[in-house]
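Any read-out appearing in this document is the output of simple, stated calculations on the displayed coordinates, not a laboratory observation. Fair warning: this is a prediction, and the values are worked out from it, not measured in the lab. FYI the Cβ positions are ideal-geometry reconstructions off the backbone, even for glycines, and counts take in every protein chain you see.
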Ligand code: NAD
């Protein structure tokens with residue numbers, strides 16, 4: 001780029017030991033809604049990770065010895081500061097990720113604020129266990145202490161939302177942190193770093209190293225002084241992380257992909273089910289690990305469902321993410337858009353029917369967005385269960401609708417994938433709802449709703465969707481080391 005051009009770019013710096021530090025090389029980051037490079041992200045490697053780990057190590061004694069109440073007050077202050085800048089954060093998240101400004105304003109940033117408030121509160125309410133053994137004259141109790149330096153690696157789909165879901169519990173428990181956000185969506189993490197000092201977070205407690213997974217991510221995973229890795233991302237990357245961390249016996253929390261079914265029985269309230277299932281399929285361009293991508297509809301209502309579902313999906317407007325009336329923004333990258341489009345092509349080649357969206361309806365974009373990575377919400381019917389469209393995570397605005405006959409059959413088919421993250425069941429029959437929920441291989445089951453979350457309760461997946469759970473108690477257990485102490489009196 002020319003000097004004038006590079007001056008206009010936003011240039012991020014690593015945040016290490018409470019200071020912004022430039023890096024020797026940088027990666028281009030694109031605005032997905034225009035296709036332009038607008039930001040440069042440090043291309044960190046071993047050296048930068050080493051510096052960040054050292055800063056985290058130096059900060060650990062002071063931070064870990066603070067009382068939960070002191071840490072809680074700091075987390076609340078940070079939440080207030082992010083909330084104060086909510087609009088700026090939302091604008092940045094939308095520009096960096098391609099998501100609609102409405103989604104960033106109402107979901108991403110409010111949830112990042114809530115993550116800090118939630119753990120600021122929950123950390124005050126944990127109690128450890130105690131048992132008595134009178135015949136031996138003993139009491140036993142457990143004590144919990146922070147583990148040390150937490151390595152946190154997050155994906156590009158909900159950038160600040162998922163990163164803070166890790167940072168908040170990690171530091172609330174007294175750990176110090178080295179975080180590596182996705183190289184494709186680093187801006188809001190960098191903005192958050194600017195608020196840490198004002199919030200009272202001591203230097204070195206939260207360090208952020210920007211860069212690719214292969215270089216910066218792997219350096220963090222392989223660092224011998226980082227005993228714990230919390231990772232959210234794809235199943236493939238998780239396998240690599242597991243392999244690389246095995247020689248160090250690291251503690252891992254893995255939140256991975258999904259291929260989430262929605263099961264619609266013939267007694268479902270379709271006036272609730274249809275708009276919610278359109279939302280669960282296409283919210284955030286379908287780029288949420290919890291998005292529905294296989295919809296099983298009981299045969300008696302199949303054609304009516306399809307007709308109404310397609311009509312509802314067509315109401316979703318795709319376009320400039322900064323326009324508040326838009327429902328579907330841009331996908332994260334050109335490569336990802338190609339990958340998602342290819343799934344639709346494969347389904348067509350296999351004889352499935354594309355009912356709306358990609359390749360069927362025209363996509364009109366404003367002049368400034370012609371080179372953006374857009375795609376219409378796409379509904380595919382009559383896809384075979386063994387098709388890659390029904391087996392693999394697509395992670396875009398594509399959903400498959402198929403018919404089923406019996407409860408037994410649909411449970412088997414819904415469970416017939418390698419993933420097990422989230423499922424949705426629609427039925428007015430309370431007995432059936434419980435029965436099906438119990439038999440689905442899925443870390444989360446929503447019935448007659450979607451994405452209603454209580455952060456107190458465990459979040460995470462089964463099978464290839466993950467290992468471990470996060471939530472009030474689960475995150476506390478993951479981010480602390482427990483000791484059993486026996487006292488004889
Ligand atoms: P990804 O696995 O490509 O990347 C995730 C993060 O890991 C990024 O920061 C990346 O730089 C880093 N990374 C990549 N290779 C690495 C390596 N070898 N060592 C260390 N770090 C490495 O995933 P993505 O494409 O950014 O995100 C999409 C995926 O995330 C989807 O599969 C989605 O389902 C999943 N996801 C899961 C959840 C959940 O809670 N279960 C939530 C959101 C997204």
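Nearest 5 percent is fine: what portion of the DSSP beta bridges confined to the chain is antiparallel?
Of all bridge pairs located within the chain, approximately 45 percent are antiparallel.
From the P(r) of region 261-447, can you give the percent of Cα pairs sitting at distances over 28 Å? Walk me through the intermediate numbers first.
Values: 3675 of 17391 pairs.
Considering region 261-447, 21 percent of its Cα-Cα pairs are separated by more than 28 Å.
State whether region 17-90 is rounded, prolate or oblate according to the following rule on the C-alpha gyration tensor (a ≥ b ≥ c being the square roots of its eigenvalues): a/c under 1.5 gives rounded; otherwise a/b larger than b/c gives prolate, and the remaining case gives oblate.
oblate
Would you mind ranking 440, 220, 457 so that the residue whose beta carbon has the fewest other beta carbons within 10 Å leads the list?
Values: 440 21, 220 30, 457 12.
Least crowded to most crowded, the residues run 457, 440, 220.
Quick check: the distance between the Cα centres of region 402-447 and region 287-359, to the nearest angstrom?
With region 402-447 and region 287-359 each reduced to a Cα centre, they are spaced 21 Å.
Need one number: the % of Cα-Cα pairs in the chain sitting beyond the 34 Å mark. Intermediate results must be reported in sequence, preceding the final value.
Details: 44508 of 119316 pairs.
Cα-Cα pairs in the chain separated by more than 34 Å: 37 percent.
Hey, what did region 261-447 get for relative contact order, percent, Cα under 8 Å, at least 6 apart?
Dividing the mean separation by the residue count of region 261-447 yields 29 percent.
Based on other C-beta atoms within 10 Å, arrange 249, 138, 222 from fewest to most.
Lowest count first: 249, 138, 222.
Convert 10 °C to kelvin, take the viscosity as 1.306 mPa s, use the Kirkwood radius over C-alpha pairs of region 128-243 as Rh, and evaluate the Stokes-Einstein diffusion coefficient in µm²/s, rounded to a whole number.
Here the translational diffusion coefficient equals 101 µm²/s.
Nearest 5 percent is fine: what portion of the DSSP beta bridges confined to region 261-447 is antiparallel?
In region 261-447, DSSP labels about 10 percent of beta bridges as antiparallel.
Hey, what's the Kirkwood Rh for region 61-154 if you take every pair of different alpha carbons, in angstrom?
Over region 61-154, the inverse of the mean reciprocal pair distance is 16.4 Å.
Can you report the principal axis dimensions of region 338-427 using only the alpha carbons, biggest first, rounded to whole angstrom?
So the extents along the principal axes, rounded to whole Å, are 51, 27, 25.
Order these by the 10 Å Cβ neighbour count, fewest first: 400, 39.
Ranked by crowding around the Cβ, least crowded first: 39, 400.
Under the √(5λ) rule applied to the eigenvalues of the Cα gyration tensor, what semi-axes describe the equivalent ellipsoid of region 289-333? Give them in Å, descending.
27, 14, 6
Counting only helical runs of four or more DSSP H residues, what would the 222 nm mean residue ellipticity of the chain come to if each run contributes -39,500 (n - 2.57) and the total is spread over all its residues?
Calculated from helices alone, the mean residue ellipticity at 222 nm is -11500 deg cm²/dmol.
Treating region 351-489 as a set of equal point scatterers at the Cα positions, no solvent, please give the Debye-formula log₁₀ I(q)/I(0) at q = 0.21 Å⁻¹.
Each listed q maps to, in turn, -1.32.
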